[in-house]
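Peer 1: Quick one: structure below, then a few questions.
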Amino acid sequence: MDLDLNQDQQAIQDAVEALLAKHAGPERAVELQVDDAYDHALHQALEEAGFLEIGLVDGAGWLEAVLVVEAVARAAGTVSIGASAVVAPALLARVPRGAVALAGGEEGELIRHAVQASCALLDGGEEAILVPLEGSPATPVATNYVVPMGRLPGSLPEGERLGPGSGELLRRFWRLAIAAECVGAMRAALDLTVEYVTNRRQFGRPVGSFQALQHRLAECEVLVQGGRWLTLRAAHRAASAEAAALAAAHTAGTALRVFNEMHQMTGAMGFTREHPLHIWTTRLHVLRHELGGARLHRQAAARARWLHHTTQGVGRGN
Amino acid sequence: MEFDWSPEDQAYRAELRAFIAATLPQSWAEISQEGPGGAAQVAYSEEFCAELARQGWLTQHWPEAYGGKDASSWRHAVVSEEMWGNAEPRGPRYMTVNWVGPSIMHFGTEEQKALHLPRIARGEEVWCQGFSEPEAGSDLAALRTLAIRDGDEYVINGSKIWTSYVNHAHYCFLIVRTDPESKGRRGISALLLPMDLPGIELREIPGLLGKKYFHEVFFRDVRAPVSCRLGPEHEGWEVVTYTLAYERVGAAHYERAERVLDTLAEAARKRGLLEDPSILERLGQARAAVEASRLLTHRVIDLREKGSRPTPDTNIARVAGTWAVRAVGDLVHELHGAAALAYDTEADGYYRLSQWAGVASGTTEVQLNLIASHQLRLPRE
Ligand SMILES: Cc1cc2nc3c(=O)[nH]c(=O)nc-3n(C[C@H](O)[C@H](O)[C@H](O)COP(=O)(O)OP(=O)(O)OC[C@H]3O[C@@H](n4cnc5c(N)ncnc54)[C@H](O)[C@@H]3O)c2cc1C
């Protein structure tokens, strides 16, 4: 056991953070949000620097990929990072061009980046299906959450069936990706809130000096750190059914708590679009629903341990 | 980053498991019904620790100079997990080898080391921890028990409370105020007090969580030689901090929680409930809490193995550990229903054990205070 990043992992994290400092961050996210745009420039920069394929590279792997996903989520990058750097490479052994959408296979479901994606990976139960999305067949769906969402049409091109067992593989890596994005977003939201309550003064003292807030922030710290370790271990275990489901169960279950607490503690200011908190918290609201949310992740974790079943998704194929 | 145990530690764990399976008596479930401080378990722990010592496994984490094997913190963690996972057959002696011994090594005189360490290493001594007082719980530095110097003796007056294992202990790791004019953390000293001195009296306080008692200990003009003081006079707070850092992640609560969760799942399977999605959901949720606690504790062990000073990671792991234990404890009742009220059921045994997780060895609120100030660096008033 050794729970520090090794030198290579540290170097990867530093490098992706340096790239993100240039190409991402809350201001960029706010700019894009005006017309629900996808950050093609950031996507391209990550791709060119090799960060999307890092899970497939010799000498690296899913842990390195998850470090990248976590960092992008922390920097509020508006790209399909979990799908592009973790899920698609695991299923296809390559990185598809352009944004990737992940679909549970449920009729009429809301899908992240459906409109911007050039392909979708669909959970068809036993098999996963790779569907090209040429000509943008999806319809945008307006939400209050700053993530571009859309719906796929009822009839899609055949697509490529990825073989028996690929459905389970999709769900495993999707759970890992959800967990990694949740961890990044929660970390950023918590850090920002700690900073806010440290500076904001009422009753002649920083509001962060009130124990009523301190304990709740400390609890969130325990939850975020616990979720992060579960996520890193799941990555180290190549998204084994149990490890990935535990990571997703913990992080997706915590996401709502963090959302509620951070907004409570930043008062009215946190409910504005002028304060950057929403950039991370509203993503948490989207992430916590993916692949059935905490409820199904918890069931999946229990099934993996005690029933030795493959897990179940949300769609018709399941 | 490496989440797998080394092949050596894995092999050792297998060996230790086989040893435990071969050694624990048939009646172990009954013996362990009241936890490490129960009379039957304390009695059995003497035999078990002697056997463990013969294998060279009781104090392998100690330095070679003191009869240990300089085993890594990870090896020590394997022992903690397997022991606590099996309801702690070392009884109160886990505490003696975990932190009493190391504190004596760190702060003790040659005489103190020679007196205690070999006997602790053979599993012979039982110790108790005399920290809390009626007026000094979370605010430990408010302690008032006095030890006034009289020549080469201390005269001790005062009382301690909640002192686990005191009714079985040969020695008490006692903290007292040696400077009567002092307040707070200054003026405190640690004593290695023999429990057979005249003037020590125990009072039993019936406990809610089992057929056993808490204890209050009274000291009336107890005379102890100055040579039993551990560390510098009036500067004993340093000793306290040192021991608490060892104590807080000493017991691998998550391991027991995991095994109880497995038995809960088996019980649900027998009753045809394991396919019920709502039951699966609760089991999965509790398991996520348990595994988070395991990993956060492993991080503390990792840091300790790398020689880091204690960090707030310890407090974070403690809080997660308490949540894990409580989540599983609550699930025991949810799954077994009213049947879990019956004494002597395994369900009831674990539920009782899970109840005080947030109070003993520093409350959850105190841990949260420490995380807020040392990890999040939130402002003070
Ligand atoms: C099973 C068991 C075994 C024990 N064994 C031992 C032992 O062997 N030796 C020993 O010395 N002690 C022992 N203790 C005592 C234990 O260490 C104390 O119970 C603990 O430190 C809390 O002290 P208290 O019970 O006086 O609670 P109090 O300090 O009175 O606390 C009451 C409540 O107030 C809260 N509170 C207190 N201060 C603050 C604060 N600053 N901010 C927010 N909330 C606060 C607490 O969190 C708690 O919820 C044991 C306790 C138990 C339950």
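Peer 1: Need the full-extension length gain, B:Ser373 to B:Arg54, defined as separation in residues times 0.36 nm minus the C-alpha distance. One decimal, nm.
Peer 2: Residue separation times 0.36 nm, minus the Cα-Cα distance, leaves 110.4 nm.
Peer 1: What is the packing order of peptides A:6-14, B:138-146, A:71-79, taking the mean over residues of other C-beta atoms within 10 Å and listing the highest first?
Peer 2: Top to bottom by mean Cβ count within 10 Å: A:71-79, B:138-146, A:6-14.
Peer 1: May I pose another question? In degrees from 0 to 90, rounded to the nearest 10, what is the angle of the helix B:39-54 Cα long axis to the longest principal axis of chain B?
Peer 2: 90
Peer 1: May I have the pair-distance distribution P(r) for segment B:10-135, computed from all Cα-Cα distances with 5 Å bins from 0 and rounded to whole percent?
Peer 2: The calculated distribution, bin by bin, is 2, 11, 21, 23, 19, 13, 7, 3, 1, 0.
Peer 1: So if I average 1/r over every pair of distinct C-alpha atoms in segment B:88-236 and take the inverse, what Kirkwood radius in Å does that give?
Peer 2: 15.6
Peer 1: Report, in degrees rounded to the nearest 10, the 0 to 90 angle that the Cα long axis of helix A:211-236 makes with the longest principal axis of chain A.
Peer 2: For A:211-236 against chain A, the angle is about 30 degrees.
Peer 1: Hey, can you find the accessible area per residue of segment B:51-183 for me, probe 1.4 Å, expressed in square angstrom?
Peer 2: Numbers: 4960 Å² over 133 residues.
For segment B:51-183, the solvent-accessible area averages 37 Å² per residue.
Peer 1: Still on this structure, I have one more. Please sort by residue number the chymotrypsin sites (Phe, Trp or Tyr not before Pro) in segment A:153-253 whose DSSP state is loop and whose Cβ has at most 12 other Cβ atoms within 10 Å.
Peer 2: Answer by residue number: A:Phe203.
Peer 1: Now, a different point. Of all accessible surface on chain B at a 1.4 Å probe, what whole percent is carbon and sulfur?
Peer 2: 51
Peer 1: Return the value, in Å² to the nearest 100, of accessible area buried between chains A and B (probe 1.4 Å, both sides summed).
Peer 2: Protein heavy atoms only, the A-B interface buries about 4600 Å².
Peer 1: Taking H as built 1.01 Å from N, whose amide H comes closer than 5 Å to the amide H of B:Cys128, not counting residues under 5 places away?
Peer 2: B:Tyr171, B:Cys172, B:Phe173
Peer 1: Moving on. Of A:Thr139, A:Gly163, A:Thr254, which is farthest towards the positive pole of chain A's charge dipole, taken about the Cα centre with +1 and -1 on the beta-carbons of Lys, Arg and Asp, Glu respectively?
Peer 2: Final value for the positive-end residue is A:Thr254.
Peer 1: Remind me, relative contact order of segment A:219-318 in percent, using alpha carbon pairs under 8 angstrom and six or more residues apart?
Peer 2: Value for segment A:219-318: 29 percent.
Peer 1: B:Glu153's amide H: which non-local residues (gap 5+, or another chain) put their own amide H closer than 5 Å, with H modeled 1.01 Å from N in plane and none for Pro or chain starts?
Peer 2: The answer is B:Val226.
Peer 1: Also: Can you tell me the 0 to 90 degree angle between the C-alpha axis of helix A:62-74 and the longest principal axis of chain A, rounded to 10?
Peer 2: Here the helix axis deviates by roughly 50 degrees.
Peer 1: How many Lys pairs in the protein assembly as shown lie less than 22 angstrom apart by Cα atoms, where the lysines are 8 or more positions apart or on different chains?
Peer 2: For the protein assembly as shown, qualifying lysine pairs total 5.
Peer 1: Whose amide H sits under 5 Å from the amide H of A:Cys119, counting only residues 5 or more places off or on another chain, with H placed in the peptide plane?
Peer 2: Placed amide hydrogens put A:Ala101, A:Leu133 under 5 Å from A:Cys119.
Peer 1: If you roll a 1.4 angstrom probe over the protein chains with everything in place, what fraction of the accessible area of segment A:167-311 belongs to carbon and sulfur, to the nearest %?
Peer 2: 51
Peer 1: Please list, by residue number, every one of the trypsin sites (Lys or Arg not before Pro) in segment B:189-254 that is coil in DSSP and has at most 14 other beta-carbon atoms within 10 Å.
Peer 2: Details: sites: B:Arg203, B:Lys211, B:Lys212, B:Arg220, B:Arg223, B:Arg229, B:Arg248; in loops: B:Lys211, B:Lys212.
Those that pass, being in a loop and sparsely packed, are B:Lys211.
Peer 1: For segment A:33-100 and segment A:112-129, what is the separation of their Cα centres, given in Å?
Peer 2: 16
Peer 1: Under the rule of -39500 (n - 2.57) per DSSP H run of 4 or more residues, summed and divided by the residues of chain B, what mean residue ellipticity at 222 nm is obtained, to the nearest 500 deg cm²/dmol?
Peer 2: -14500 deg cm²/dmol
Peer 1: Still on this structure, please answer the following. Tell me, rounded to the nearest percent, the portion of alpha carbon pairs in segment A:77-124 spaced more than 17 Å apart.
Peer 2: 26
Peer 1: Mind giving me the nanometre distance, one decimal, between the label points for B:Lys113 and B:Ala39, set 7 Å out from Cα along Cα→Cβ?
Peer 2: It is 4.0 nm.
Peer 1: Let me ask another. Which number do you get for Rg(Cα) / (2.2 N^0.38 Å) in chain A?
Peer 2: 0.96
Peer 1: At a 1.4 Å probe, which residues in segment A:195-220 are at least 10 Å² less accessible with all protein chains present than in their chain isolated?
Peer 2: A:Thr198, A:Arg205, A:Pro206, A:Gly208, A:Ser209, A:Gln211, A:Gln214, A:His215, A:Leu217, A:Ala218, A:Glu219
Peer 1: Answer with one residue from B:Gly137, B:Pro232, B:Gly210: the one whose Cα lies farthest towards the positive end of the charge dipole of segment B:128-233, charges on Cβ with Lys, Arg +1 and Asp, Glu -1.
Peer 2: B:Gly210
Peer 1: Hey, what do the phi angles of segment B:260-274 turn into as Karplus ³J(HN,Hα) couplings, whole Hz, using 6.51/-1.76/1.60 and θ = phi - 60°, x for Gly and Pro?
Peer 2: 5, 4, 4, 5, 5, 5, 5, 4, 5, 4, 4, 8, x, 9, 6
Peer 1: Also, I was wondering about something else. Which residue fluctuates the most in chain A, going by a Gaussian network model with Cα springs under 10 Å, if the choices are A:Thr266, A:Thr281, A:Thr143?
Peer 2: A:Thr143
Peer 1: Enter the mean projected area of the convex hull around the alpha-carbon atoms of segment B:40-84, in nm², rounded to one decimal. Could the numbers behind the result be given before it?
Peer 2: Values: hull surface 13.0 nm².
Value for segment B:40-84: 3.3 nm².
Peer 1: Debye sum, Cα scatterers, chain B, no solvent: what log₁₀ I/I(0) at q = 0.06, 0.09 1/Å?
Peer 2: Here the Debye-derived log intensity ratios amount to -0.23, -0.54.
Peer 1: Across the protein assembly as shown, what fraction of all alpha-carbon pairs, as a whole percent, falls in each successive 10 Å bin from zero upward?
Peer 2: P(r) over the protein assembly as shown, rounded to whole percents: 3, 14, 23, 23, 18, 11, 6, 2, 0, 0.
The values are calculated or read from the model by the stated rules, or taken from the named source; none is laboratory data. Being a predicted model, the structure only gives us computed values, none of them experimental. Positions of Cβ are backbone-derived with ideal geometry, glycine not excepted, and every protein chain shown enters the neighbour counts. Heavy atoms of the whole protein, side chains included, go into the accessibility calculation; ligands, DNA and RNA do not. Shrake-Rupley method; radii C 1.70, N 1.55, O 1.52, S 1.80 Å.
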